[in-house]
Amino acid sequence: MKKALSIFTLLLLMAATMQAQDQKKPDWMRWHYLSEEEMHDTSRGMNFVETDPPTGEPRFVAEFEPMQGVMIRYPLGIPTSLVAQLANNCQVYCIVSSGYQSQAQSSFQSAGVNMSNVTFVNAQSDSYWVRDYGPWYIFEDRNPAIVDNIYNRPRPNDDNMSQVFANFWQIPMYGMRLEHTGGNMMEDGRGHGVSDDLVFQENLQDYGINEAEVRQKMNDYLGINPYHVTIDPQGDYIAHVDCWGKYLAPDKILIAQLPQSNPRYQYYEQVAEYFETTNCCWGYPYRVYRVQEPGGNTLAPYTNSLILNKTVYVPLGSNNTYNNDALAVYQEAMPGYTIVGVTNNGYSGWENTDALHCRTRGVMDFNMLFVDHRDVLFGEQAWQDSIPVVSKFIAYSGQNLKQDSLLVYYSIDGGAYQVAHMTATGNPDEYVGYIKGYESLSSIDYYVFGADESGHRYTQPVFADLDPHHFTMEEHEPSGGLIITPDTLWFEVANTQYFDIINETTGDVVINSIESDNGYLHILTEDFPYTLTSGSSLQVKVMFIVPPMKEYIESIININTSIGNRIVSAMINSSLEDLGLYIPGSPLVELTVNEPQAEVYVTNGNYGTHTPIEITAIIECENQMLHDLLELTHHDLPYTLNEGENFMITIAPKTNLGNRQDQIRTCISIVSDHNDVVFDVTIDEELVSVTELSAETKLYPNPTTGQFTVEGANVERVEVYNLVGQKVHEAKGQVVNIDAANWHKGIYLVNIIEQNGAVVAKKLVVK
């Protein structure tokens, strides 16, 4: 019995000794080391299937973009306390074999994990380094997909994980024949990617794929171009970029920094200098942030963090001073984010070559809203009166964009933020808003905001006003300017608005054209080109003519002048409850010899309120240069127009005498108990009968360069109108001297009213 007991005791001692010895040895199951067996295993990619690349445009989503969830694996490589934190952030997708699921569930519940935010995905796995073997999520055009590659470890269950999740999500998977690993890949979501040169070495050595072919595949399958491939400054076995660097934003990169006494110091500085002198996707050099690491055996895995929505989980090391400094660097670089330090003192604790990032992987939000403002304004900008901000908005949810929530927020010289609404440019998904009101040498901060009908919102930069885009305007010596006031028209109830163009320059300004960017607005003003003399102004009448079916329609009015382009923004509230009377189509009627009659339809647009409208009068507009020119045929008035009904007016000239080739403009006003509608009518003069000047009545000189005279024994008064119906002068008497020296050059209509009430119309040319 004693002998048996002694043997048993000896066996226990031997087992304890062996366990102690094993714990002192490198454990490849804990670290990224290959085991001796794996080193001789040639089965990498044994189940890999190559496919053609995506036919649509691929976009490799960045870690700092919106995430619907995060992937982990059980048995865990992270603390259960961290699982609880992740489950409060988003959905946790836990890879677990069916035999371990009940154990995982019990462990999570004991740690207080919100189990409603945990989804178990049953699959066999070989390790917990889900970052390295997990699927690479992309958008192909607007649809989610997965890109699979050959995992650079001979672990067939891990290497099969992309197919597991392609089946789980029921989304396409593309096979990119490259040996790669997730820990050696970071991307900015806009086509830039970073790896160290392990990707070139392994593919050439194992598959004969050269550098050019690697770059081409990364472009074809992931949309990565340029692909920044650097040296491995760490010089360790793992050669993963997440052990020394990390994208924090499209223009921000975090890179570790060692003491100058460390032999690897120069290599870290070489990589940092590369990015400090290399342009990011927005056109200027990367903003490089440095996190201090002591080197040696001190644990400091700070770049191996996980960005998950607006939280950064940072693995902490063994030195509190370095820990606190690292958290401060993250907070400085990512204002508005929550920075969480995470310790892991268990058996699977952090290593400098293997920490939190290696053991997790984000799952992109398949329904995110992507704000893609590529042409970022930075540095000093050339002077212009307004500067455009162009951005694409892509709603991957398939829902409509909220047209009134596509905005540019901007601050001038540190002032309060102003808002510019963005309007469609005509290019797919592209919108533009304008920053205005700055001065010479102004400093301007701005960011772009968007929202869609699914409730998704996003800004660029993601930090918004805490770290916006920034530029300055060049020095500009004002010489007066072309003032547009107001510079935004709000069509809330009335369908007609006005803005003024004021010439405060020292010379003439030629307005070549004024045009809307869509069919909703009609510009009613002078014929072009129109010369605006120094100190003079022009009032522009704008009418919206088609009731759009959205809450707001945004439009841009482009003013092309001899001193540069100007713009006026317009916001049209098309609420059907308040629309009232409107005229579908163009509010301009042209009467010619070939078409001397026209029909105009007026519609009751009060669909929401079911309110009838009573039309009480239809008259030619007041203060026009000619009156009583038109024959109007319509229903007897007053007339009740119910919701959705049309009211037709037939328009024709009253006479058909004369032989003139010029055009006269008048207008018609439809008066109702809800709102009035005005539309313009142009009439060829050959359709209008006017009284000729009698021999006793004279108008001279004509043409004139200044003063002209109207003289006649029967003259009572003289009225002069421009061609848009504005009265520019009125005088009484038998001899009227009028000074036109400061008038705009062009054609005017002179009404000579005689004592018997007859009206004599005469065209006057001012040179």
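Figures for the structure shown
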read-out: Solvent-accessible surface ranking, highest first, for Lys217, Lys762 at 1.4 angstrom; value: Lys762, Lys217
read-out: Segment 220-276 versus segment 153-185: alpha-carbon centroid distance in Å; value: 24 Å
read-out: Percent RCO, i.e. relative contact order, over segment 262-410, from Cα pairs under 8 Å lying at least 6 residues apart; value: 18 percent
read-out: Förster radius 45 Å - calculated FRET efficiency between Phe378 and Asn167 (Cβ-Cβ, nearest 0.05); value: 0.50
read-out: Contour excess over end-to-end distance, with Cα ends at Lys698 and Leu441 and 0.36 nm allotted per residue; value: 86.7 nm
read-out: Spin-label model distance (nm) - Arg190 vs Val735, 7 Å beyond Cα toward Cβ; value: 7.5 nm
read-out: Segment Asp673-Asp52, extension gain: residue separation times 0.36 nm, minus the distance between their alpha carbons; value: 216.9 nm
read-out: Nitroxide proxy distance, nm - points 7 Å out along Cα→Cβ at Gln103 and Glu475; value: 7.4 nm
read-out: Length released on extending from Thr525 to Trp490, taking residue separation times 0.36 nm less the Cα-Cα span; value: 10.7 nm
read-out: Normalised convex hull volume, segment 390-517, alpha-carbon set, Å³ per residue; value: 150 Å³
read-out: For a label point 7 Å along the Cα-to-beta-carbon line of Thr338, residues of segment 87-118 with backbone N under 13 Å; value: 87-90
read-out: Separation between Cα centres of segment 89-111 and segment 417-444, rounded to whole Å; value: 48 Å
read-out: Per residue accessible area of segment 331-413, 1.4 Å probe, in Å²; value: 36 Å²
read-out: Whole-Å distance, taken between Cα centres, linking segment 46-60 and segment 399-414; value: 36 Å
read-out: Rounded accessible area per residue of segment 59-167, 1.4 Å, Å²; value: 30 Å²
read-out: In nm, spacing of pseudo-spin labels at Tyr207 and Asn157 (7 Å Cα→C-beta vector); value: 2.5 nm
read-out: Estimated FRET transfer efficiency when R0 is 51 angstrom, pair Leu637-Asp500 (beta carbons, to 0.05); value: 0.90
read-out: Residue order for Arg361, Arg290, Arg177 - accessible surface, 1.4 angstrom probe, largest first; value: Arg177, Arg290, Arg361
read-out: Alpha carbon convex hull of segment 46-152, volume per residue in cubic angstrom; value: 121 Å³
read-out: In order through segment 482-487: 3J(HN,Hα) via Karplus (6.51 cos²θ - 1.76 cosθ + 1.60), integer Hz, x for Gly, Pro; value: 9, 8, 10, 9, x, 9
read-out: Those aspartates and glutamates that a straight Cα-Cα span of less than 19 Å connects to Lys732, excepting residues fewer than 8 apart in one chain; value: Glu696, Glu711, Glu716, Glu719, Glu754
read-out: Per principal axis, descending, Cα span of segment 125-280 in whole Å; value: 51, 33, 29
read-out: Efficiency of FRET between Gln260 and Asp413 - r from beta-carbon atoms, R0 45 angstrom, step 0.05; value: 0.65
read-out: Cross-link table Lys402/Lys436; Lys436/Lys541; Lys217/Lys402; Lys246/Lys392; Lys436/Lys767, entries beyond 28 Å C-alpha to C-alpha; value: Lys217/Lys402; Lys436/Lys767
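The values are calculated or read from the model by the stated rules, or taken from the named source; none is laboratory data. Remember, predicted model here, so these are calculated numbers, not experimental data. Heads up, the Cβs are rebuilt from the backbone with ideal geometry, glycines too, and the neighbour counts pull from every protein chain shown. Note: areas computed on protein heavy atoms with side chains; ligands, DNA, RNA excluded. Shrake-Rupley method; radii C 1.70, N 1.55, O 1.52, S 1.80 Å.
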